[in-house]
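Computed from the coordinates by the stated procedures, all read-outs in this text should not be read as laboratory data. Computed from a predicted model, the values in this text were never measured in an experiment. Cβ placement follows ideal geometry from the backbone for every residue including glycine, while neighbour counts extend to all protein chains displayed.
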Amino acid sequence: DGSAERPFQIALIPGDGIGKEVAPEGVRVVEAAARRHGIHLRFTEIGWASCDHWRAHGTMMPADWKAQLQGMDALFFGAVGWPADVPDHVSLWGSLLQFRREFDQYVNLRPVRLFDGVPCPLAGRQPGDIDYLIVRENTEGEYTNIGGTMWPGTEREVVLQQSVFSRRGTDRVLKYAFELAASRPRHKLTVATKSNGMAVSMPWWDSRADAMAADYPQIAVDKQHIDILSARFVLQPDRFDVVVASNLFGDILSDLGPASVGTIGIAPSANLNPERSFPSLFEPVHGSAPDIHGKGIANPIAMIWSGAMMLDFLTDGTGAGRAAHDDIVRAIEGVLREGPRTPDLGGRASTSELGRAVAERL
Ligand code: ATP
Ligand code: MG
């Protein structure tokens, strides 16, 4: 519960590449913020879920990885992947996707926010114009391995790919999104759909959203087709507050959104099991970035902000954890506005200079 007697148990999994460089800065800031608010944490550093482990053992993780994570409250994850040695599907399926699936992390949450001091690729946008949350369904929907090829290799060849939407899987992610929208001042929820084109799954998805909307009369619900919704992310981002989407649509939106607010080096994410039956996982949106690895110039803000989300989630979004989260976000705001800046932000500062600058502002 985060008390001195029972600190939150956090598995620190740096992974590969710049994951190993940004992880210590994440820990530095999270520990400083937690200390100020009387939250006790115990980090256990884990070297597997990495391509180093793959090189030594031929697998990304030990066979008993789940047992080794027994009792953990959260996973604080850097980045995984080293495509020069290990194909991306091997590194990803052997680690991160195992966590998401085995720990039933069915909500993928990504805040998208434009900060003062970060150049926006969308002309004329000010901080405050872009500030929304994407909730992606993370376990079912369009991403399945159900399907196959009929008459392969012939002129008649036909390929089928099934989507799977369960009532349980859909309602639980919608519920999370409605609750999130209810907790925010604007009380606004956009539901991504494509009921004009996907004639079975999406009208049903809409009907589940409509049914739930009846329980939340205070929330303005707006169903939008994914095509126009994507266009509005670019043209009218100020329309959005909370956006909920199926696995495929959410995947696309959650790259588009962060790209529209500047560097990928600041975008955080959370893979949540909201019921807390299993640990949730907090990680930067970016990958291991082999191109800048070893230079000490990776921007640690995505990792730090993910750590802030972890503190908020661990304490149920109330009290100490929320305050620690807000302190970290304010410190990030200050550093983005006034520097120092890593090269992706147009400066020359190092990863640790940025991490220390955020910690000092706390
Ligand atoms: P993934 O495989 O995880 O989808 P990727 O390997 O294609 O992602 P990244 O590793 O995220 O991509 O890198 C994409 C680009 O963004 C690279 O040029 C990388 O240097 C840059 N980049 C990523 N993260 C950061 C960061 N924290 N700071 C600065 N630049 C970054
Ligand atoms: Mg990669």
| field | Qualifying GluC sites (Glu not before Pro) in segment 127-178, DSSP loop, other Cβ atoms within 10 Å at most 16 | value | E155, E157
| request: With springs connecting C-alpha atoms under 10 Å apart, model the chain as a Gaussian network and identify which of A33, A11, A67 has the largest mean-square fluctuation. | output: A67
| Neighbourhood net charge (10 Å Cβ-Cβ; Lys/Arg +1, Asp/Glu -1) for G257 | +1
| If you build a Gaussian network model of the chain, linking Cα atoms that sit under 10 Å apart, which residue out of A123, A192, A289 swings the most? | A123
| message | Report the number of Lys pairs in the chain whose alpha-carbons are under 18 Å apart, with separation of 8 or more residues or on distinct chains. | response | 5
| Could you state the per residue volume, in Å³, of the convex hull enclosing the Cα atoms of segment 61-191? | 249
| field | Mean residue ellipticity (222 nm) of the chain, computed from DSSP H runs ≥ 4 via -39,500 (n - 2.57), nearest 500 | value | -12000 deg cm²/dmol
| the chain: antiparallel DSSP beta bridges as a percent of all, rounded to 5 | 40
| query | Expressed as a whole number of Å, what is the distance separating the alpha-carbon centroids of segment 165-195 and segment 250-267? | reply | 20
| query | What number comes out for the charge environment of A320, summing +1 per Lys or Arg and -1 per Asp or Glu over other residues with Cβ under 13 Å away? | reply | -2
| How far is the Cα center of segment 79-145 from the Cα center of segment 2-24, in Å? | 19
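Select from segment 265-346 those GluC sites (Glu not before Pro) which occupy a DSSP coil region and have at most 14 other Cβ atoms within 10 Å, ordered by residue number.
Working: sites: E275, E333, E338; in loops: E275.
When the GluC sites (Glu not before Pro) of segment 265-346 are filtered for loop state and at most 14 Cβ neighbours within 10 Å, E275 remain.
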| message | Just to be sure I understand: with springs between alpha-carbon atoms less than 10 Å apart, which residue in G339, G319, G81 has the highest mean-square fluctuation in the Gaussian network model of the chain? | response | G319
